[in-house]
Amino acid sequence: MKDKNAWNSYSETERKALEKLSKDYIDFISKGKTERECTDLLVAMAKENGYRDLADIIASGETLKAGDKVYAVQMNKCIAMFHLGEDLVERGMNILGAHIDSPRLDLKQNPLYESDELAYFNTAYYGGIKKYQWVTMPLALHGVIVKKDGSKVTVNIGEKPEDPVFFVSDLLIHLAGEQMERKASKVVEGEKLDILIGSEPLDEDTEKAVKANVLAILKDKYDIDEDDFWSAEIEAVPAGRAREAGFDRSLILGYGHDDRCCAYTSALALFDIETPSRTACGLFVDKEEIGSVGATSMQSHFFEDTVREILNLMGLYTELNLTRTLRNSRMLSSDVSATYDPLYAESFDKDNAAFFGRGIVFNKYTGGRGKSSSNDANAEYLGMLRRIFHKHDVAFQSAELGKVDLGGGGTIAYILSLYGMDVVDSGIAVLNMHAPWEAISKSDLYEAYKGYCAFLIEA
């Protein structure tokens, strides 16, 4: 079996569709750099496509029926969407599940300090990162501050041309002899990932005058006091828009492709299909990068409780019907995979690696060192998906996440599989995964969208 490069198969019409999708996606990830921002964008898209808030329907006492479109949001950080089909209980759902959190630097609860006339924000990194990749690059601050009176301040500083940016410093090469001898994991320590935010003192008579000047600016421009950080969620992310990459503009370089490229194409597929025979569901969850823990993660009861509410509004709710609905469902765990990198060929099994331009990637299993902590999809399910993708002329490939004793990685697939449904990982191949700037192929983005549409219609 030899995969073909999908670029060679496109008509002029398809190339135009591919470029439009890529342009719209660049806008999406450039605006959605946090899970909250992505949720807001997805809610706006859902409303534009006729979806209604499930909470409003419950409050109004209305009922639901086949053809209705609803969404539910949990803590402004995750969202589930449903386009209801016939016979939800017996036929189950076709589910596309992605995560919308990405690795980053989070401000600590008491972040602001001054050291030797420089002001810093103290951070804790989130997710699996190479810490040395986060130094000396422009950073923006995104998030929210909730004040004692309940009012909310939205933070987005560093994205506009007139905004200041922030950065983590690094030791100059002239003095870095000892640093360069360390293991890569120790070149930059986690506690040194503090963000430089100011150097001008307020006046010569004030103690900690640089910190005092930053606080004065925060109060004047944003009405923020120092103790407001105690109830804040502020993330430091790479500043700037995603960009086309390469002379041929075939790639997209941006922050947060993992996993927002799969989230965006999944949502678009959900919006673009006609009323399905089986209920179509899009799941967009938080906290995957730290093990899917917490109230906004896939391990929370949010998804199950939302399905319970829907069954109740359709007059179908019993615990047995809930069990049957989930067990009879099928899912694509829409998450990214690793692109083969010729510069690091020794880390890949080339015959079982994903390549740019060859379409959506299926990972029958993830995990590592004995397939630990992975969902291992059934052959029967993969056979059905092969048939569907061939029927709809979707380019697809299979891959593993690196060599057996090197690779490994988790997704939300194993969590949904616990209900007894068929689940497999399927997503877009990414170069530089978990780096501040990741790269994907426009072609693979387009094929993923086509594949997700085919799955929702046919599975």
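The values are calculated or read from the model by the stated rules, or taken from the named source; none is laboratory data. None of the values given here were measured: they were computed from a predicted structure. Reconstructed Cβ throughout: ideal geometry from the backbone, glycine too, with neighbour counts over all protein chains shown. Please note that ligands, DNA and RNA were not included when accessible areas were found on the heavy atoms of the full protein model with its side chains. Shrake-Rupley method; radii C 1.70, N 1.55, O 1.52, S 1.80 Å.
Before moving on, here are some points about what is shown:
- Out of 370, 410, 402, sole residue that is in contact (Cβ under 8 Å) with a residue 40 or more places away in the chain and out of contact with any strand residue (DSSP E or B) (no Cβ under 9 Å at 6 or more places or on another chain): 410
- Where residue 159 falls short, out of the listed (1) modelled with pLDDT of 95 or more; (2) over 24 Å from the mean Cα position of the chain (by Cα); (3) part of a loop (DSSP other than H, G, I, E, B): (2)
- Checked against the criterion of being loosely packed, with under 15 Cβ neighbours inside 10 Å and modelled with pLDDT under 95, the candidates 352, 363, 378 yield just one match: 378.
- Residues that are outside any helix (DSSP H, G or I), out of contact with any His (no Cβ under 9 Å at 6 or more places or on another chain) and of a type in the set (Gly, Ala, Ser) are absent from segment 442-458 altogether.
- Out of 345, 280, sole residue that is open to solvent by less than 10 Å² (accessible area, probe 1.4 Å) and either under 26 Å from the mean Cα position of the chain (by Cα) or not hydroxyl-bearing (Ser, Thr, Tyr) (or both): 280
- Just one of the listed residues (308, 327) is loosely packed, with under 15 Cβ neighbours inside 10 Å, within 23 Å of residue 456 (Cα to Cα) and not acidic (Asp, Glu), namely 327.
- Qualifying residue in segment 146-157 (condition: among the aliphatic types (A, V, I, L, M) and closer than 18 Å to residue 434 by Cβ): no
- Set side by side, the residues 66, 80, 44, 59 differ, and just one is under 30 Å from residue 160 (Cβ atoms) and not charged (D, E, K, R), which is 44.
- Residue pairs whose Cβ atoms lie under 8 Å apart, sitting 6 or more positions apart in sequence or on different chains, and linking a residue in segment 207-218 that is closer than 12 Å to residue 113 by Cα and in contact (Cβ under 8 Å) with a residue 12 or more places away in the chain to a partner that is open to solvent by 40 Å² or more (accessible area, probe 1.4 Å) and hydroxyl-bearing (Ser, Thr, Tyr), are 210/199; 211/113.
Table: residues versus (1) on the phi > 0 side of the Ramachandran plot; (2) open to solvent by 100 Å² or more (accessible area, probe 1.4 Å).
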site: 147; (1), (2): no, no
site: 150; (1), (2): yes, no
site: 154; (1), (2): no, yes
site: 157; (1), (2): no, no
site: 161; (1), (2): no, yes
site: 167; (1), (2): no, no
site: 173; (1), (2): no, yes
site: 176; (1), (2): no, no
site: 184; (1), (2): no, no
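- Among residues of segment 120-137, those that are over 20 Å from the mean Cα position of the chain (by Cα), part of a loop (DSSP other than H, G, I, E, B) and surrounded by 14 or more Cβ atoms within 10 Å (Cβ to Cβ), counted: 2
- Some residue of segment 245-268 being touching a residue at least 40 places away in the same chain (Cβ under 8 Å), in a helix (DSSP H, G or I) and surrounded by fewer than 22 Cβ atoms within 10 Å (Cβ to Cβ): yes
- Only one of 277, 374, 297 that is under 18 Å from residue 78 (Cβ atoms), not in a strand (DSSP E or B) and not β-branched (Val, Ile, Thr): 297
- Selection count, segment 382-421, where residues are under 25 Å from residue 369 (Cβ atoms) and assigned to a strand (DSSP E or B): 2
- The criterion of at least 3 residues that are of a type outside the set (Val, Ile, Thr) and open to solvent by 50 Å² or more (accessible area, probe 1.4 Å) is met by the following helices (runs of 4 or more DSSP H) wholly inside segment 1-119: 12-31, 35-48, 54-60.
- Subset of segment 283-294 [buried (at least 24 other Cβ atoms within 10 Å of the Cβ) and in a helix (DSSP H, G or I)]: 288
Okay, residues lined up against (1) modelled with pLDDT of 95 or more; (2) open to solvent by 30 Å² or more (accessible area, probe 1.4 Å); (3) closer than 21 Å to residue 34 by Cβ:
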| site | (1), (2), (3) |
| --- | --- |
| 404 | no, yes, no |
| 407 | no, no, no |
| 429 | yes, no, no |
| 442 | yes, no, no |
